[in-house]
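To start, the structure under review is shown below, and the notes come after it.
Just so it is clear, none of the values below were taken in a lab; they were calculated from the coordinates. All figures in this text were calculated on a predicted structure; none of them were measured in a lab. All Cβ positions, glycine included, derive from the backbone under ideal geometry; neighbour counts span all protein chains shown.
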Amino acid sequence: MVAAWLRRARRVAVLTGAGISADSGLPTFRGAQHALWSRFRPESLATPEAFAHDPALVWAWYQWRRALVARARPNPGHTALVELEAAVPVCTLITQNVDGLHRAAGSRNIIALHGELLRDRCTGCGRESPCTIVASLADAPCERLEPDRCPACGARLRPAVVWFGEPLPEGAMAAASAAVRACEVLLVVGTSGVVYPAASLAPLARTAGARVVVVNPEPAPDDVARQLTGSAADILPALVRRAFA
Ligand code: NAD
Ligand code: ZN
């Protein structure tokens, strides 16, 4: 049924969250963390207040996550979405992930709602640049690291991601809303749907008449058109094959 909806659709939107990268070995927010970081809640580290209060603690956590992400590779779920984009006339991929794996897999029409983990932004002059990666931190993180400094102005760098309480990148939410309002099918993959404003996109799609299909190992709310229960890396390749093979 879902395969037929995709085959007939002219516009498809996909909303992804941390779950699609779980099979690439990246922990979701609710998943297993390193023992060092298990005492901290991500919501208490990923804030402007935390960075202002203790920049070395927040920077150390990000340098650990960056080392994990730098060695992760796209999984068959990411690859299936590249094939979906090639098969559907208009396919918009909206992601809450900051890991860059959709782009690494080859997806092109991406709206990155929460920014990019592997880039820095200067807190002084605003300049963005690729971050430094210390590969050994993936296995042996440390609890404090002084943030890198901007080569242009000397101010502290911060990750170019959206922290809790910060606005989304200019135009990102407007573009995402337009895509879900226009689509016939919205695939919601690997997101718990608790982080706003991204969590408002599925209700918006439904109100506008789209079929909302959830791909998640955990049960979805009952107002979705269809739930495909399981891992994105298993479900998505099979679905795209059924729709377009
Ligand atoms: P979340 O951790 O709140 O939810 C993850 C969801 O994925 C859950 O519903 C879970 O059941 C599901 N899931 C777990 N394994 C799966 C699999 N193999 N296939 C499909 N689904 C699976 O994450 P969220 O909803 O993305 O929202 C929280 C915030 O976490 C976002 O702002 C996001 O930026 C951030 N985050 C990003 C990354 C990343 O970039 N990889 C990792 C962790 C958290
Ligand atoms: Zn600067």
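Based on Cβ point charges of +1 for Lys and Arg and -1 for Asp and Glu, what charge dipole magnitude is obtained for region 1-153 about its Cα centre, in debye rounded to the nearest 20? Can you show the working numbers first?
Values: 18 positive and 14 negative charges, 114 e Å.
Result for region 1-153 is approximately 540 debye, rounded to the nearest 20.
Where the centre of each part is set by its Cα atoms, how far does region 57-132 sit from region 1-49, in angstrom?
12
Taking N as the number of residues in the chain, what is its alpha-carbon radius of gyration divided by 2.2 N^0.38 Å?
Numbers: Rg = 18.4 Å, N = 245, 2.2 N^0.38 = 17.8 Å.
Computed over Cα atoms of the chain, the ratio equals 1.03.
Which of the trypsin sites (Lys or Arg not before Pro) found in region 54-92 are loop residues per DSSP with 15 or fewer other Cβ atoms within 10 Å of their Cβ?
Details: sites: Arg65, Arg66, Arg71; in loops: Arg71.
Taking region 54-92 and a limit of 15 other Cβ atoms within 10 Å, the loop trypsin sites (Lys or Arg not before Pro) found are Arg71.
Would you calculate, for the chain, the mean residue ellipticity at 222 nm contributed by helices, counting each DSSP H stretch of 4 or more residues as -39,500 (n - 2.57) and dividing by all residues, to the nearest 500? Walk me through the numbers before you get to the answer.
Numbers: 9 runs with 81 residues, N = 245.
Here the helix-only value at 222 nm equals -9500 deg cm²/dmol.
Could you list the square roots of 5 times each eigenvalue of the Cα gyration tensor of region 103-206, that is, the equivalent ellipsoid semi-axes, sorted largest first and rounded to whole Å?
Working: eigenvalues 196, 56, 36 Å².
Over the Cα atoms of region 103-206, the ellipsoid semi-axes are 31, 17, 13 Å.
How high is the FRET efficiency from Glu49 to Ala182, r the C-beta distance, R0 51 Å, rounded to 0.05? Provide the component values of the computation, followed by the final result.
Numbers: r = 37 Å, r/R0 = 0.73.
With R0 = 51 Å, the Cβ-Cβ based efficiency is 0.85.
Can you find, among Met1, Ala46, Cys122, the residue farthest towards the positive end of the dipole of the chain? Put +1 on the C-beta of Lys and Arg, -1 on that of Asp and Glu.
Result: Met1, furthest along the dipole toward the positive end.
With θ taken as phi - 60° and the coefficients 6.51, -1.76 and 1.60, list the Karplus ³J(HN,Hα) couplings across region 188-201 in order, rounded to whole Hz; mark glycine and proline as x.
10, 10, x, 10, 7, x, 10, 9, 8, x, 4, 5, 7, 6
Put +1 on the Cβ of every Lys and Arg and -1 on every Asp and Glu Cβ in region 68-214; which of Val90, Val214, Pro76 then has its Cα farthest towards the positive end of the dipole?
It is Val90, whose Cα lies furthest towards the positive end.
For region 42-141, what does the alpha-carbon gyration tensor say about shape, rounded, prolate or oblate, given a ≥ b ≥ c as the root eigenvalues, a/c under 1.5 as rounded, and a/b over b/c as prolate? Walk me through the intermediate numbers first.
Values: a/c = 2.48, a/b = 1.76, b/c = 1.41.
Prolate, since a/c reaches 1.5 and a/b exceeds b/c.
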